[in-house]
1. State yes or no: is V78 at pLDDT 70 or above and more than 15 Å from G17 (Cβ to Cβ)?
2. Name the single residue, out of those in segment 28-64 being surrounded by fewer than 19 Cβ atoms within 10 Å (Cβ to Cβ) and touching a Gly at 6+ places or on another chain (Cβ under 8 Å), that is nearest to D7 (Cα to Cα).
3. Quickly run through segment 3-40 and pick out the residues that are more than 21 Å from C51 (Cα to Cα), charged (D, E, K, R) and in contact with a Pro (Cβ under 8 Å, 6 or more places away or on another chain).
4. Report whether or not D18 is at negative phi and within 13 Å of the chain's Cα centre (by Cα).
5. In segment 1-27, how many are exposed (fewer than 15 other Cβ atoms within 10 Å of the Cβ) and in contact with a helix residue (DSSP H, G or I) (Cβ under 6 Å, 6 or more places away or on another chain)?
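The values are calculated or read from the model by the stated rules, or taken from the named source; none is laboratory data. These figures come from a predicted structure and were not determined experimentally. Cβ placement follows ideal geometry from the backbone for every residue including glycine, while neighbour counts extend to all protein chains displayed.
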Amino acid sequence: MPVIKFDPHSSNFLIHGDRRFFLTSLDNSIFLVADNCPHRGGPLHLGYFNCQKNTITCPWHGLVVSTNRLQQNAMPLVWRNNIAIAVLPQTKPESIAFGHRHLLVTSEVGTK
């Protein structure tokens, strides 16, 4: 399983093989979560966050994903001197691309 180190201030998104991950803050902790919606692989980092229900709605087909589920399936992540160290799932040897993306996980306005 690959262990990676990265600066979360310059990289909040990474691609490992055909899997995408993004950093998100949930319950005052930071998690490295899979970006793929379980329905059809839509980009959850572009979804809508409902802070009252603790869910993210996929922008492609509207599937509602619990942030608890994202937390449970998050990649192991530790911090050391402002550097994030993560363990990624084992896949065939592939490069890891780091990037900084504007995460559009935003709060839905007026939801109950």
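1. yes
2. The qualifying residue nearest to D7 (Cα to Cα) is N36.
3. R19, R20
4. no
5. 0
Residues checked against (1) farther than 14 Å from F98 by Cβ; (2) not in a strand (DSSP E or B):
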position: K5; (1), (2): no, no
position: P8; (1), (2): no, yes
position: P59; (1), (2): yes, yes
position: V65; (1), (2): yes, no
